[in-house]
1. Within segment 68-89, which residues are part of a strand (DSSP E or B) and either exposed (fewer than 15 other Cβ atoms within 10 Å of the Cβ) or of a type in the set (D, E, K, R) (or both)?
2. Would you pick out the residues in segment 90-105 that are in a strand (DSSP E or B) and either of a type in the set (Val, Ile, Thr) or more than 28 Å from Thr51 (Cβ to Cβ) (or both)?
3. Here are some residues: Ala73, Ala109. Which one is out of contact with any Phe, Trp or Tyr (no Cβ under 6 Å at 6 or more places or on another chain), small (Gly, Ala, Ser) and modelled with pLDDT of 95 or more?
4. Looking at segment 68-100, which of the residues that are touching a residue at least 60 places away in the same chain (Cβ under 8 Å) and among the β-branched types (Val, Ile, Thr) is nearest to Thr32 (Cα to Cα)?
5. From (1) of a type in the set (A, V, I, L, M, F, W, C); (2) under 22 Å from Val90 (Cα atoms); (3) more than 13 Å from the chain's Cα centre (by Cα); (4) surrounded by fewer than 16 Cβ atoms within 10 Å (Cβ to Cβ), pick out the condition that doesn't hold for Val60.
6. Quick one: which residue in Thr16, Thr30, Thr38 is touching a residue at least 12 places away in the same chain (Cβ under 8 Å) and out of contact with any Pro (no Cβ under 6 Å at 6 or more places or on another chain)?
7. Could you please let me know if Leu113 is exposed (fewer than 14 other Cβ atoms within 10 Å of the Cβ) and at positive phi?
8. Return the total of residues in segment 41-67 being in a strand (DSSP E or B) and either over 18 Å from Ile100 (Cα atoms) or in contact (Cβ under 8 Å) with a residue 24 or more places away in the chain (or both).
Amino acid sequence: MPKNIIVTVKTAYIPTQSDPENSQFVFAYTITIHNNGTEGAKLLTRHWIITDAHGNTQEVKGEGVLGQQPHLAPGETYEYTSGTILNTPVGCMKGSYQMISDTGEAFDAEIPLFSLAIPDILH
């Protein structure tokens, strides 16, 4: 099974779209998906678990990413940027992509836990 899908994440706080007085903190995240395996795979669906500083959790499931279901040949990389809104200045996300290999084997590519935080809030 081609479990050599590597997912990395970079995050950014978007102050121009946030409204801290009304507890709205907007974050962008750029996801890089790299197929480090020996066979191609297609991303079918996504599953996110988003948690704010109060422990409130949102679960998001859907087809593809940004309306696409990218296919990654061995050695290929796919990158996209999306965003989320938290009610607190700190939170975290994790999840998985449900994928299918070119030989028809379904598997999950894990998205490691990552933090969302406004600058200088965490020491």
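The values are calculated or read from the model by the stated rules, or taken from the named source; none is laboratory data. Bear in mind the structure is a predicted one, so any value in this text is a computation, not a measurement. Every residue, glycine as well, gets a Cβ built from its backbone with ideal geometry; the counts of neighbours run over all protein chains shown.
1. Residues of segment 68-89 part of a strand (DSSP E or B): 68, 71-72, 77-86.
Once the filter is applied, which keeps residues that are part of a strand (DSSP E or B) and either exposed (fewer than 15 other Cβ atoms within 10 Å of the Cβ) or of a type in the set (D, E, K, R) (or both), segment 68-89 yields Gln68, Thr77, Glu79, Tyr80, Thr81, Ser82, Gly83.
2. Taking segment 90-105 and keeping what is in a strand (DSSP E or B), we get 90-101.
Listed by number, the residues that qualify are Val90, Ile100, Ser101.
3. Numbers: Ala109 fails: out of contact with any Phe, Trp or Tyr (no Cβ under 6 Å at 6 or more places or on another chain).
One residue alone meets the criteria, Ala73.
4. Ile85
5. Going through the list (1) of a type in the set (A, V, I, L, M, F, W, C); (2) under 22 Å from Val90 (Cα atoms); (3) more than 13 Å from the chain's Cα centre (by Cα); (4) surrounded by fewer than 16 Cβ atoms within 10 Å (Cβ to Cβ), Val60 breaks only (3).
6. Details: Thr16 fails: touching a residue at least 12 places away in the same chain (Cβ under 8 Å); Thr38 fails: out of contact with any Pro (no Cβ under 6 Å at 6 or more places or on another chain).
On inspection, the qualifying residue turns out to be Thr30.
7. Numbers: exposed (fewer than 14 other Cβ atoms within 10 Å of the Cβ): yes; at positive phi: no.
In short, no.
8. Our first condition is that a residue be in a strand (DSSP E or B); within segment 41-67, this holds for 41-52, 57-63, 65.
Subset that is either over 18 Å from Ile100 (Cα atoms) or in contact (Cβ under 8 Å) with a residue 24 or more places away in the chain (or both): 41-52, 57-60, 65.
The total comes to 17.
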